[in-house]
Amino acid sequence: MKFKKKHLFILLFCIILLFLLIFSVVFAVSKNTSPIIAFYDLETNIIEAIKTSFDEKSVLFSEEKQKYKYLILDSELPLKSQLDDNKHIAVVFSYNGASQDSISKAASKFDSKIFGIMPSSMRNVSNNSLPILLNHLEMDVYNKVFVKFEKNEIASLSKVFDAGNREAASGNFNSIMTLNGQNDKILSYFLSGYIESRYGIEELNKITDFLSENQRIYEKQDFLEIPELEKLKVVCDEMLALKKAGLFHSAWDEMSFDDIKNFMESKKAAFVFMDLYSHRQISYGIIKHYSETFFPSGRLANFGTGRSLIVPTVMATCFETPNKVASADCKKIVETFVSLEEQRILARNSGLAPVASSADTQDKQAYNVRLWGASSDYLGLDFGSGFTDPVAKKEFFAALRSYL
């Protein structure tokens, strides 16, 4: 009996020792696992700008000289599912929208004081995430067309169409108006800007919310006939009429970015709609012949006069990982991104605009975007941002192009 008790004690001791060993190994691995800095559906130059700043700041803020890994997440898969599958992601950089909102509840909160350097329109654009850079939908106008406007300003969408009709009659341009309609983001920015211009941000938000809740609505025949998408259909029908009238290029919805650059280089496009990021990809020798402005107002009767411009905003969302020291360091680094000096550097390296009200800007384009964003009622989201399912989003815009 004593022999059996002795062996039982030894067995229990070995089991306890094994559990302690396993716990120690798991703890050591989790503590030493490098936190991941992830990027979701961001353009290349934005990613590289953030990496550069993160590398420089990590030397100062990493108390235990932690190493960090970078990961570009698959933009064709939902953001939340990828985050759920990887508990070592300490920071996600992405555009504001439903995908970013889907992960925000589990995110670490930022001190409200950190938002004090931003204009009021930018302070509450997302839960538990920090705005760091501003993109923007703009209209670029060939300078020789632009000077024909009263006081050298574009006051309304109707004036744009009037000028377009004059230029169509002149025969100087192969394309009066166009955009990189082949790109889902640009198409979403443009049509969203058009809807906001006509009906205001509340009507645009209704469409965005509806698409967020009905992401496969495109599977229904004649989906644009659904009452909730009425304003989107009206704008699409107006685009069809403008194309038929010759104001928009006949293949605007299929044009690539290279097509747009070629039109602008040959000075054969009078009006081009693009985002600030695309603007930066065009050489100065070409872009100098164009002047940018925000999407002009085309407000219809019975709709408000305020503007909420389409300003896609790059957000930083932080999480606590098993390596708590490293994830805390990551958050400290992210917080430095809204310092005045770092805002200047990030904006310069990415080509976008800073969110800080008084940060130095590299040129008038970045300055204007921040000014326009600050003067908005609040930053508008394009309806494409309502999708969390990238496949559904891609199919929706394919169906939209078929209609256009």
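The values are calculated or read from the model by the stated rules, or taken from the named source; none is laboratory data. This structure is a prediction, so every number in the text was calculated from the model and none was measured. Methodologically, a virtual Cβ is constructed for each residue, glycine included, from the backbone with ideal geometry; neighbour enumeration extends over all protein chains shown. Protein only, heavy atoms only, side chains kept; ligands, DNA and RNA dropped before computing areas. Shrake-Rupley method; radii C 1.70, N 1.55, O 1.52, S 1.80 Å.
Helix 340-350 versus the longest principal axis of the chain: what is the Cα-based angle in degrees, 0 to 90, to the nearest 10?
70
Might you tell me the accessible area per residue for the chain, computed with a 1.4 Å probe and given in Å²?
On a per-residue basis, 47 Å².
If the cut-off is 15 Å between C-alpha atoms, which aspartates and glutamates fall inside it for LYS105, apart from same-chain ones fewer than 8 positions away?
Partners found: ASP84, GLU320.
Determine, for each peptide in 115-121, 231-237, the mean count of other beta carbons within 10 angstrom over its residues, then list the peptides with the highest first.
Working: 115-121: 16.7, 231-237: 18.4.
Top to bottom by mean Cβ count within 10 Å: 231-237, 115-121.
Output the Kirkwood hydrodynamic radius of the chain, Cα pairs only, in Å rounded to one decimal.
Averaging 1/r across every pair of different Cα atoms and inverting gives 23.1 Å.
Where a Cα-Cα gap under 26 Å defines reach, which lysines qualify for LYS144, not counting those fewer than 8 residues away within the same chain?
Within reach: LYS159, LYS243, LYS244, LYS261, LYS267, LYS268, LYS288, LYS364.
Quick check on my link table: of LYS57/LYS109; LYS148/LYS233; LYS185/LYS233, which ones sit more than 23 Å apart, alpha carbon to alpha carbon?
LYS148/LYS233
Among ASN45, TYR403, ALA392, pick out the residue whose Cα is farthest towards the positive end of the charge dipole of the chain, where Lys and Arg carry +1 and Asp and Glu carry -1 on C-beta, about the Cα centre.
The listed residue farthest towards the positive side: ASN45.
Over the chain, what is the mean sequence separation of C-alpha contacts under 8 Å (at least six apart), divided by residue count, expressed as relative contact order in percent?
So the answer I get is 31 percent.
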